1. Is it true that SER19 is more than 13 Å from the chain's Cα centre (by Cα), hydroxyl-bearing (Ser, Thr, Tyr), at pLDDT 95 or above and surrounded by 13 or more Cβ atoms within 10 Å (Cβ to Cβ)?
2. Collect the residues in segment 79-108 that are part of a strand (DSSP E or B) and either in contact with a Gly (Cβ under 9 Å, 6 or more places away or on another chain) or surrounded by fewer than 15 Cβ atoms within 10 Å (Cβ to Cβ) (or both), keeping them in residue-number order.
3. Does segment 50-78 hold any residues that are part of a strand (DSSP E or B) and either out of contact with any strand residue (DSSP E or B) (no Cβ under 6 Å at 6 or more places or on another chain) or within 15 Å of CYS35 (Cβ to Cβ) (or both), and which are they?
4. Hey, could you check segment 37-57 for residues that are β-branched (Val, Ile, Thr) and either touching a Lys or Arg at 6+ places or on another chain (Cβ under 7 Å) or under 14 Å from ILE79 (Cα atoms) (or both) and say which is surrounded by the most Cβ atoms within 10 Å (Cβ to Cβ)?
5. Looking at THR31 and the list (1) surrounded by 13 or more Cβ atoms within 10 Å (Cβ to Cβ); (2) free of Cβ contacts under 8 Å to residues at least 12 places away in the same chain; (3) not in a helix (DSSP H, G or I), which single condition is not satisfied?
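The values are calculated or read from the model by the stated rules, or taken from the named source; none is laboratory data. Worth saying up front: this structure is predicted, and the values here are computed from it rather than measured. Cβ placement follows ideal geometry from the backbone for every residue including glycine, while neighbour counts extend to all protein chains displayed.
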Amino acid sequence: MLKLMEISGDAFATEVLESTMPVVVEFYTPTCKFCKRFDPIIETLADRYEGSVKFLRINAAENREIAMQFDVFGVPTTIIFRSGDVVDRISGFVPEAELANRIDAIVK
């Protein structure tokens, strides 16, 4: 199973906003129980979409400026970017099938 790359605010512009492929960013905190439950779903989808969608994690507590910039007020929050633009956002825990359907709508 693919391990998600964790980024900080310093790498956000390069890894997300300047990416040539769609990017799914999970905003989380280490103490969030729902985030921990969401990890296997994100990792499974990262494996499934490897090579066509980039999956990243960012600690919202340690990167508050980025979280505030994208109106992240709770975790987990998942934001899907394409060409540097927000194209979808999900607040809270969602089942794997729902997240996959939303990613499919962006990539196809």
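1. Working: more than 13 Å from the chain's Cα centre (by Cα): yes; hydroxyl-bearing (Ser, Thr, Tyr): yes; at pLDDT 95 or above: yes; surrounded by 13 or more Cβ atoms within 10 Å (Cβ to Cβ): yes.
It is true that SER19 is more than 13 Å from the chain's Cα centre (by Cα), hydroxyl-bearing (Ser, Thr, Tyr), at pLDDT 95 or above and surrounded by 13 or more Cβ atoms within 10 Å (Cβ to Cβ).
2. ASP85, VAL86, VAL87, SER91
3. Result: PHE55, LEU56, ARG57, ILE58, ASN59, THR77, THR78.
4. Of segment 37-57, the ones β-branched (Val, Ile, Thr) are 41-42, 44, 53.
Next cut, either touching a Lys or Arg at 6+ places or on another chain (Cβ under 7 Å) or under 14 Å from ILE79 (Cα atoms) (or both) only: 42, 53.
Details: ILE42: 22, VAL53: 20.
Ranking the qualifying residues of segment 37-57, first place goes to ILE42.
5. (1)
Yes/no per residue for (1) closer than 20 Å to MET5 by Cβ; (2) within 13 Å of the chain's Cα centre (by Cα):
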position: GLU43; (1), (2): yes, yes
position: ALA46; (1), (2): yes, yes
position: LEU56; (1), (2): yes, yes
position: PHE73; (1), (2): no, no
position: GLY92; (1), (2): no, yes
position: PRO95; (1), (2): no, no
